[in-house]
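Undergrad: Let me begin by handing over the structure; questions about it come next.
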Amino acid sequence: MNSTRIKNKLKTLMKYEKHNAIRVIIIVLCSIALAVASERIYSFMLSIFSSAINTNYMSLFASSMSVYRLAFLFPIFFFLLIHFIVKIPILYDMIFKYRYVIVILLFLILVSNKIHFSSIGIYDRYIQPGYGSEFTAPIFGMSRIIRSDEWSVDTPLKLSAQYGSGQYGYSNPIARGTETVNMPFGMNIATLATVSNPLYLFFFIGSEYGISALWIGMLLISFMVVFEFMYIIARGNRLLAMVGACLLVFSPFFQWWSYVGFITAGIGTLVCFYYFLGSDKKVSKLLFALGIVVFFSQFVVSLYPPWLVPAGYLYLGLAIWIIVENWDKVKSIDKLDWGILCLTIIFIAAVVGSYLWESREYTAAIMNTVYPGARHLRGGTNDAGHLINGLMNGGVFAPISAFKQLAYSNICEIGGIYTLFPVPILFISYFMIRKKAFDLFSVILIAFSLIITSYIFIGWPEWLTRITLMSNSTSPRAIDVVQLAQSLLLVRAISMFTEPGGAGNKSIIMRILAGSVAVSICLTYIALYFNKITFSPPINSAYFVHAFIGFVLVVYSIFDFQRNKRIYKAACAYLIILSCMTFLTIHPVMRGLDAIYSKPLSKKITELAVNSDEKWISLDNRFFGSPFLIASGASTVNSTNFYPNLELWYKLDPEHIYEDIYNRYAHVSVELVKEDTSFEIVDPDHFRLYLSYHDLAIAGVKYIHTAEPLDGHGDVSFTLLYTEGGSMIYSVSNDSISGNS
């Protein structure tokens, strides 16, 4: 009898497995078909777009990189379709259980293929367009010229550290055309300070894989630490934790600023501290203590006070909340745990101290500049419009803002986070009063938001800003931290302050729905009003329909989370989809560094730039030439002075007449003139050097990169060494240099 039952079960199981295998095969085939169709449509649309705007770089999209596009699209479609054959709770239980394994596999796969999100594809538009491999253009998306701090400053500086006699050492002779310390941009690997930047793997795996590891690693780590923190504040609600992580990490603010370190480092510190207190295993405590060392050190050494000061107060408040929440565990900490904490503090001090010592030249120089210099601010410089742009338009209309022209030029400044401000504050205050409940987490965030908002709009006395160090924070950057607090508050509002469960009656549901609609109308009106002064031309009114529906869903889910789970899940799905759209519309997906290193110009520069004492300048005043030069290994005088090269500027300006112009963080453009050398301020972070032909020798210039032919002047002559694709390299006459030395 038993053998018969076993045989029947085996037959049933085999039929089920066979049936399931057929489903999997069908889903695989459907995923392939959808991926191929999507790739063809994408390539076709790009080919139309390229002919419409007549740019050479877009023609590369319909190339052999289709294989990479298919490799991205197939797993996405497969994951979506697998929901039809696998029970959804089981699927997401597996994903949650093995989330770190999945993250590690994603990291290895993407880095091994040199995938990153840098906008260096910009160089293919202006430096020898159409030359180089097919991967000079993005696999998906488009390079963002507005992200010049990344593709024109940060990435070339990192790439410049691979040149010189001491690769990735204390300094390199490439950036600024003189010895430049590597530590401020994380490229000095020979010190203890490297602990604060564990993803800077350039020395070990090379520049192409290093850039990929940095971008992919930062994205994945940011998402995971934010997810863990949202999981904590949502009291174990996985779906809401996923919503919170997507809203923050995929937000316009986080993405337009190319992954905001103070968020990842600060929240990472809090997560490690929370689990340190909650863990009973000493090995786990040691690992979490090491995480605290890495994240806290990373937070401190980012050395950007406008964010660090207000964020520091926010994280201090949240750390107090963690201690209060875990007070029983704090009281039970034994001597060994206290010893681990003491060693953690000592280790942090050593890492931060090492970083500050290695960066002392940069720190001293930048503190004594005209811009940004030492700040002494009092706040009170912003109106409500900027806050609404960040908290409303910057978050809700992020996908649109990726394509719409702004009324002012810098779209990064309105990159916000979806917060529904001020709805969470009002709802939480209402429920705490009505239920006579006290939630320390919410109180801390509300108090922080109100206090910092008073600094932003009203301003504080000078003595108070100096004591609190808020004199170092600008109002726009303080607003960014308020947005972070409000995003955490939104998740808390949905997870905690809900009506009791139960079916309820229609009158209650209708009252809740009416309240949600009324609130959503107000939010939509506010967004509509500020849209007119933000976007040029304003966003089409059709976009406000989707915003209104989203507001209703989210607000209703806050009011009635436990009563109507379908509305809640629909709201969560809306927020996740909105966040993913934001992420997909901002950064390009790139492979490798072919946008620079596959160009014939780059190879010629590397060939000529053997001697770092022979300086280069670029006469490309659009800031494409000089970063391209340092990325290719040329010691370039007019590359971005992220701290001023005063030794050279004083030689060119012995009387220090123009010191207020060049003593700053600045992009430097150059024009050759017959008159005496002079300087002109263009923007706070940009000055123009009018360099006399006869002062080329003083600057030590041997090579000049230009897009226009050059003629000599007086005893200065130029020899054309290279011309191709609209780029030329000239050498300066040796006689002129020796004659003026």
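The values are calculated or read from the model by the stated rules, or taken from the named source; none is laboratory data. All figures in this text were calculated on a predicted structure; none of them were measured in a lab. So basically every Cβ, Gly included, is an ideal-geometry build from the backbone, and we count neighbours across all protein chains shown.
Undergrad: Could you go through the range 383-390 and let me know if any residue there is at pLDDT 80 or above, surrounded by 19 or more Cβ atoms within 10 Å (Cβ to Cβ) and not in a loop (DSSP other than H, G, I, E, B).
TA: No, the conditions are met nowhere in the range 383-390.
Undergrad: Just checking, does the range 508-531 include any residue being of a type in the set (Phe, Trp, Tyr), modelled with pLDDT of 65 or more, outside any loop (DSSP other than H, G, I, E, B) and surrounded by fewer than 15 Cβ atoms within 10 Å (Cβ to Cβ)?
TA: Yes, that holds for at least one residue.
Undergrad: Kindly establish whether residue 167 is assigned to a loop (DSSP other than H, G, I, E, B) and at pLDDT 85 or above.
TA: No: the conditions fail for residue 167.
Undergrad: Something else: Right, residue 344: hydroxyl-bearing (Ser, Thr, Tyr), in a loop (DSSP other than H, G, I, E, B), surrounded by 15 or more Cβ atoms within 10 Å (Cβ to Cβ) and not assigned by TED's automatic domain parsing to the domain that holds residue 662 or not?
TA: Spelling it out, it is not the case that residue 344 is hydroxyl-bearing (Ser, Thr, Tyr), in a loop (DSSP other than H, G, I, E, B), surrounded by 15 or more Cβ atoms within 10 Å (Cβ to Cβ) and not assigned by TED's automatic domain parsing to the domain that holds residue 662.
Undergrad: In the range 622-633, is there at least one residue being within 20 Å of residue 125 (Cβ to Cβ), surrounded by fewer than 24 Cβ atoms within 10 Å (Cβ to Cβ) and of a type in the set (Ser, Thr, Tyr)?
TA: No, the range 622-633 contains no residue that is within 20 Å of residue 125 (Cβ to Cβ), surrounded by fewer than 24 Cβ atoms within 10 Å (Cβ to Cβ) and of a type in the set (Ser, Thr, Tyr).
Undergrad: While we're here: Considering 266, 317, 291, which residue is under 30 Å from residue 367 (Cβ atoms), modelled with pLDDT of 95 or more, over 20 Å from the mean Cα position of the chain (by Cα) and of a type in the set (Gly, Ala, Ser)?
TA: Checking each option against the conditions leaves just 317.
Undergrad: Okay, next question. Can you tell me how many residues within the range 180-195 are modelled with pLDDT of 85 or more, more than 22 Å from the chain's Cα centre (by Cα) and hydroxyl-bearing (Ser, Thr, Tyr)?
TA: 1
Undergrad: When the range 169-199 is examined, which residues are found to be without any contact (Cβ under 8 Å) to a residue 24 or more places away in the chain, under 25 Å from residue 289 (Cβ atoms) and not aliphatic (A, V, I, L, M)?
TA: Within the range 169-199, 194 is the sole residue that qualifies.
Undergrad: OK, next. Of everything in the range 688-731 that's in a strand (DSSP E or B) and among the charged types (D, E, K, R), which residue is nearest to residue 615 (Cα to Cα)?
TA: In this case the residue turns out to be 702.
Undergrad: Exactly one of these conditions fails for residue 379: (1) touching a residue at least 24 places away in the same chain (Cβ under 8 Å); (2) in a helix (DSSP H, G or I). Give me its number.
TA: (2)
Undergrad: If you don't mind, there's one more thing I want to ask. Does the range 115-127 include one or more residues that are surrounded by fewer than 22 Cβ atoms within 10 Å (Cβ to Cβ) and within 24 Å of the chain's Cα centre (by Cα)?
TA: Yes, because at least one residue in the range 115-127 is surrounded by fewer than 22 Cβ atoms within 10 Å (Cβ to Cβ) and within 24 Å of the chain's Cα centre (by Cα).
Undergrad: Counting only residues that are of a type in the set (Val, Ile, Thr) and not in a helix (DSSP H, G or I), which one in the range 81-138 is farthest from residue 238 (Cα to Cα)?
TA: Here the answer is 127.
Undergrad: Let me ask you something else. Residues to consider are 630, 586, 576; find the one that is closer than 21 Å to residue 234 by Cα and at pLDDT 80 or above.
TA: 576
Undergrad: With farther than 21 Å from residue 193 by Cβ, crowded, with 19+ Cβ neighbours inside 10 Å and among the aliphatic types (A, V, I, L, M) as the only criterion, which of 293, 309, 330 stands out?
TA: 309
Undergrad: For the range 268-293, what are the residues that are touching a residue at least 40 places away in the same chain (Cβ under 8 Å) and either of a type in the set (S, T, N, Q) or within 18 Å of residue 216 (Cα to Cα) (or both)?
TA: Once the filter is applied, which keeps residues that are touching a residue at least 40 places away in the same chain (Cβ under 8 Å) and either of a type in the set (S, T, N, Q) or within 18 Å of residue 216 (Cα to Cα) (or both), the range 268-293 yields 268, 269.
Undergrad: Of the conditions (1) surrounded by 19 or more Cβ atoms within 10 Å (Cβ to Cβ); (2) modelled with pLDDT under 95; (3) closer than 26 Å to residue 123 by Cα; (4) polar (S, T, N, Q), residue 736 satisfies every one except a single condition; which number is it?
TA: (3)
Undergrad: Considering only the range 170-183, I want to know if a residue exists there that is farther than 24 Å from residue 65 by Cα and among the aromatic types (Phe, Trp, Tyr).
TA: yes
Undergrad: For the range 163-177, give me each residue that is surrounded by fewer than 19 Cβ atoms within 10 Å (Cβ to Cβ) and out of contact with any strand residue (DSSP E or B) (no Cβ under 8 Å at 6 or more places or on another chain).
TA: Within the range 163-177, 165, 167, 169 qualify.
Yes/no per residue for (1) within 17 Å of residue 629 (Cα to Cα); (2) touching a Pro at 6+ places or on another chain (Cβ under 7 Å):
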| residue | (1), (2) |
| --- | --- |
| 680 | no, no |
| 691 | no, no |
| 694 | no, no |
| 699 | yes, no |
| 708 | yes, no |
| 724 | yes, yes |
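Yes/no matrix, rows are residues, columns are (1) in a helix (DSSP H, G or I); (2) modelled with pLDDT under 90; (3) not assigned by TED's automatic domain parsing to the domain that holds residue 380:
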site	(1), (2), (3)
416	no, yes, no
421	no, yes, no
426	yes, yes, no
444	yes, no, no
449	yes, no, no
453	yes, yes, no
456	yes, yes, no
463	yes, no, no
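Undergrad: Quick check on the range 562-614: of everything there that is crowded, with 22+ Cβ neighbours inside 10 Å and among the hydroxyl-bearing types (Ser, Thr, Tyr), which residue is nearest to the chain's Cα centre (by Cα)?
TA: Among those that are crowded, with 22+ Cβ neighbours inside 10 Å and among the hydroxyl-bearing types (Ser, Thr, Tyr), it is 582.
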